[in-house]
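The values are calculated or read from the model by the stated rules, or taken from the named source; none is laboratory data. Just so we're clear, the structure is a prediction, and the values are computed from it rather than from any experiment. Heads up, the Cβs are rebuilt from the backbone with ideal geometry, glycines too, and the neighbour counts pull from every protein chain shown.
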């Protein structure tokens, strides 16, 4: 059965009315939805619905809500705060992390981040990343849309990280523990992992994170690109929870 995300504002009474062109294309041309076919939908508040395709027009699709579904149970929630790499590689990071089920994606500015964004550029990038997350959610048929946070400074993120019960910082140097060992010993519900820039976090940043409760971990002997490290961490944690 197909799954899709629907903003709360397009849900009215016992119907979901879809007129967004991209979503119309996805449902009609990609999923090839047929009249009467059942789908599950989730909204921005986390509610789930079992629906049937009632109307498949050129300008809109109407899904009839059959019943509400119980909330989706998750073993854990994973947030990835990733330093913004050069060019458009963060677009790919958002796409892949969405497909892997990451709950929250935080674009991160660190001391060694080369990309410099004005306030306007940050707003434009955030809007684009949210569109990418929506498209990737539809493609992967995940039941919820990830939160893409505004661009955040490293120290501000660390200062606001108290709500997580497991905080990880993959690092290239210093005393580190195996990621596998940490996940085996700590059955956490809310996980935050930091991904550093090319050249890693500075010693001062790493020390600041450790004082805030972040655990240094190793991702192996090879030095990974930013996007590879983000995908590797998300994949390993997701598979370890199965």
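Data for the structure
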{"read-out": "Check on residue 179, touching a residue at least 60 places away in the same chain (Cβ under 8 Å), touching a helix residue (DSSP H, G or I) at 6+ places or on another chain (Cβ under 8 Å) and at negative phi", "value": "no"}
{"read-out": "In region 78-114, the residues that are part of a strand (DSSP E or B) and farther than 19 Å from residue 141 by Cβ", "value": "79, 80, 81, 82, 83, 104, 106, 107, 108, 109"}
{"read-out": "Filter pass, residue 111 being surrounded by fewer than 17 Cβ atoms within 10 Å (Cβ to Cβ), more than 28 Å from residue 236 (Cα to Cα), at pLDDT 90 or above and not assigned by TED's automatic domain parsing to the domain that holds residue 23", "value": "no"}
{"read-out": "Residue selected from region 208-236 under the condition farther than 23 Å from residue 107 by Cβ and exposed (fewer than 15 other Cβ atoms within 10 Å of the Cβ), by the criterion modelled with the highest pLDDT", "value": "211"}
{"read-out": "Pick from region 29-43, criterion surrounded by 14 or more Cβ atoms within 10 Å (Cβ to Cβ) and in a loop (DSSP other than H, G, I, E, B), ranking: modelled with the highest pLDDT", "value": "37"}
{"read-out": "Candidates 130, 121 - the one that is under 30 Å from residue 69 (Cβ atoms), free of Cβ contacts under 8 Å to residues at least 40 places away in the same chain and part of a helix (DSSP H, G or I)", "value": "130"}
{"read-out": "Residue in region 211-225 that is part of a helix (DSSP H, G or I), touching a residue at least 40 places away in the same chain (Cβ under 8 Å) and closer than 22 Å to residue 161 by Cα present", "value": "no"}
{"read-out": "Residue 21 being closer than 16 Å to residue 134 by Cβ and surrounded by fewer than 15 Cβ atoms within 10 Å (Cβ to Cβ)", "value": "yes"}
{"read-out": "Those residues of region 193-207 which are crowded, with 17+ Cβ neighbours inside 10 Å and out of contact with any strand residue (DSSP E or B) (no Cβ under 6 Å at 6 or more places or on another chain), in sequence order", "value": "200, 201, 205, 206"}
{"read-out": "Search result, residues across region 135-152 that are in a helix (DSSP H, G or I) and either in contact with a strand residue (DSSP E or B) (Cβ under 7 Å, 6 or more places away or on another chain) or buried (at least 20 other Cβ atoms within 10 Å of the Cβ) (or both)", "value": "137, 138"}
